[in-house]
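Engineer: Questions regarding the structure given below will be posed in turn.
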Amino acid sequence: MSRKTHEQQLAQRKAQRQAERQAERAKQRRMVAATIAAIVAVVAVIGGGVVLLAKNTGNDTPAAADSPSAPAAGAENKPVSIPTAIAPAPKRAKPLAAEVDCAYTKSAEPASKKVNPPADGKVKASGTSKVSLSTSVGDLQFTLDSALAPCTVKSFLNLVGQKYYDNTTCHRLTVGEGLQVLQCGDPTTDEARQGSGGPGYSFKDEVFPELKYGRGVLAMANSGPNTNGSQFFVVYGSAGLPPSYSAFGTIDKASLDIIDKVANAGVVPGGGGPTDGRPATPVEIKTATAAS
């Protein structure tokens, strides 16, 4: 073998070893990135959903639409499965008093849409109310339960009556196996800030230790204890959340079927990862109407 040929072979083997080392380092980097992403996702869910659902007030929480130029939803941006059984309606183990005191406090953040807060005072903790949302994907029917959360129901009906929810967008959809919700109630039109808007007032949580969330439950989003405002979410599938979000009603089967179609179309990923972002099928609330 000539010296030139031997040197060529050595050079080829050296180049091959370098390529193998580079490929191994790239593989390790991908594995580390995937591990970090998985840890972040788990912590976000186990951490009580504050990161996932803290969307009412303040600018310290990421908006679902932080990435308007994100790629279209793919298979990884859709739910693997959605439970079909509707969860039992939440019920307090110990009923509230016949009347409760409600107080609505002015928030540091200004209202995203001009609205008057409800009057403070006593509210009956019994009875149900019907609300219909006419949306771009179909009509959604809510039943509000004052035995669950009378102050929340009063606020929601107050906002509906002032057309606060009219011409707003459901800005967030989550499709992961541990959290499947559609979140609405922010009239902010700037996509980069959607998820941070509220009505300019807040009120206390109405929760209880036995509270569980499942398919068909309607609840308030928040940015921490006692920060309820206007944003709410519908659980269309599973929701491994602690009892930190005021459940105030339910949504019917026909409405859930509509949301299922939206969920199965996937999300446009935002700051929350591939399973959390704007619905790929936009959900626009045209009008919200309370039954007289």
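Engineer: Determine whether Gln162 is over 28 Å from Gly237 (Cβ atoms) and modelled with pLDDT of 95 or more. Outline the logic, then answer.
Structural biologist: On the way: over 28 Å from Gly237 (Cβ atoms): yes; modelled with pLDDT of 95 or more: yes.
Considered against the rule, which asks whether it is over 28 Å from Gly237 (Cβ atoms) and modelled with pLDDT of 95 or more, Gln162 comes out as yes.
Engineer: Quick test for you: out of Pro90, Pro95, Pro62, pick the one residue that is within 20 Å of the chain's Cα centre (by Cα) and at pLDDT 95 or above.
Structural biologist: Values: Pro95 fails: within 20 Å of the chain's Cα centre (by Cα); Pro62 fails: at pLDDT 95 or above.
Going through Pro90, Pro95, Pro62 in turn, the sole match is Pro90.
For every residue, the table says whether it meets (1) at pLDDT below 95; (2) in contact with a Ser or Thr (Cβ under 6 Å, 6 or more places away or on another chain); (3) surrounded by fewer than 17 Cβ atoms within 10 Å (Cβ to Cβ).
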site	(1), (2), (3)
Thr57	yes, yes, no
Asn77	yes, no, no
Ala85	no, no, yes
Thr105	no, yes, yes
Ala108	yes, no, yes
Asp120	no, no, yes
Ser129	no, no, no
Leu140	no, yes, no
Leu144	no, yes, no
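Engineer: Restricting to segment 259-280, name every residue that is β-branched (Val, Ile, Thr) and either surrounded by fewer than 17 Cβ atoms within 10 Å (Cβ to Cβ) or within 15 Å of Phe233 (Cα to Cα) (or both). Explain how you work it out, then say what you get.
Structural biologist: Within segment 259-280, the subset β-branched (Val, Ile, Thr) is 259, 262, 267-268, 275.
If the condition is that a residue be β-branched (Val, Ile, Thr) and either surrounded by fewer than 17 Cβ atoms within 10 Å (Cβ to Cβ) or within 15 Å of Phe233 (Cα to Cα) (or both), then Ile259, Val262 are the ones that fit.
Engineer: Continuing with the same structure: Being modelled with pLDDT of 95 or more, assigned to a loop (DSSP other than H, G, I, E, B) and surrounded by fewer than 24 Cβ atoms within 10 Å (Cβ to Cβ) is the filter here, so list the residues in segment 188-205 that pass it.
Structural biologist: Taking segment 188-205 as the starting set, the residues that turn out to be modelled with pLDDT of 95 or more are 198-205.
Okay, now just the ones that are also assigned to a loop (DSSP other than H, G, I, E, B), so 198-200, 204-205.
Once the filter is applied, which keeps residues that are modelled with pLDDT of 95 or more, assigned to a loop (DSSP other than H, G, I, E, B) and surrounded by fewer than 24 Cβ atoms within 10 Å (Cβ to Cβ), segment 188-205 yields Gly200, Lys204, Asp205.
Engineer: So is Gly272 out of contact with any strand residue (DSSP E or B) (no Cβ under 6 Å at 6 or more places or on another chain), in the same structural domain as Glu177 (by TED's automatic domain parsing) and on the phi > 0 side of the Ramachandran plot or not?
Structural biologist: Values: out of contact with any strand residue (DSSP E or B) (no Cβ under 6 Å at 6 or more places or on another chain): yes; in the same structural domain as Glu177 (by TED's automatic domain parsing): yes; on the phi > 0 side of the Ramachandran plot: no.
Judged against the criteria, Gly272 is not a match.
Engineer: Considering only segment 219-244, state which residues are among the hydroxyl-bearing types (Ser, Thr, Tyr), over 19 Å from Gly200 (Cα atoms) and assigned to a loop (DSSP other than H, G, I, E, B).
Structural biologist: Just the residues of segment 219-244 that are among the hydroxyl-bearing types (Ser, Thr, Tyr), to begin with: 223, 227, 230, 236, 238, 244.
Restricting the remaining residues to those that are over 19 Å from Gly200 (Cα atoms) gives 236, 238, 244.
Within segment 219-244, Ser244 is the sole residue that qualifies.
Engineer: A follow-up question, please. Mind checking which residues of segment 132-147 are out of contact with any helix residue (DSSP H, G or I) (no Cβ under 6 Å at 6 or more places or on another chain), under 29 Å from Pro279 (Cα atoms) and not charged (D, E, K, R)? Give the steps one after another, and end with the answer.
Structural biologist: Of segment 132-147, the ones out of contact with any helix residue (DSSP H, G or I) (no Cβ under 6 Å at 6 or more places or on another chain) are 132-136, 139, 142-143, 145, 147.
Restricting the remaining residues to those that are under 29 Å from Pro279 (Cα atoms) gives 132-136, 139, 142-143, 145.
Listed by number, the residues that qualify are Ser132, Leu133, Ser134, Thr135, Ser136, Phe142, Thr143.
Engineer: Quick one: is Pro209 in contact with a Gly (Cβ under 9 Å, 6 or more places away or on another chain) and either at pLDDT 95 or above or basic (Lys, Arg) (or both)? Explain how you work it out, then say what you get.
Structural biologist: On the way: in contact with a Gly (Cβ under 9 Å, 6 or more places away or on another chain): no; either at pLDDT 95 or above or basic (Lys, Arg) (or both): yes.
It is false that Pro209 is in contact with a Gly (Cβ under 9 Å, 6 or more places away or on another chain) and either at pLDDT 95 or above or basic (Lys, Arg) (or both).
Engineer: Just give me the residues in segment 153-187 being without any contact (Cβ under 8 Å) to a residue 60 or more places away in the chain and outside any loop (DSSP other than H, G, I, E, B), in sequence order.
Structural biologist: Selection gives Lys154, Asn158.
The values are calculated or read from the model by the stated rules, or taken from the named source; none is laboratory data. The structure displayed is predicted, hence computed values, not measured ones. Ideal geometry is used to build each Cβ from the backbone, glycine not excepted, and the neighbour counts take in all protein chains shown.
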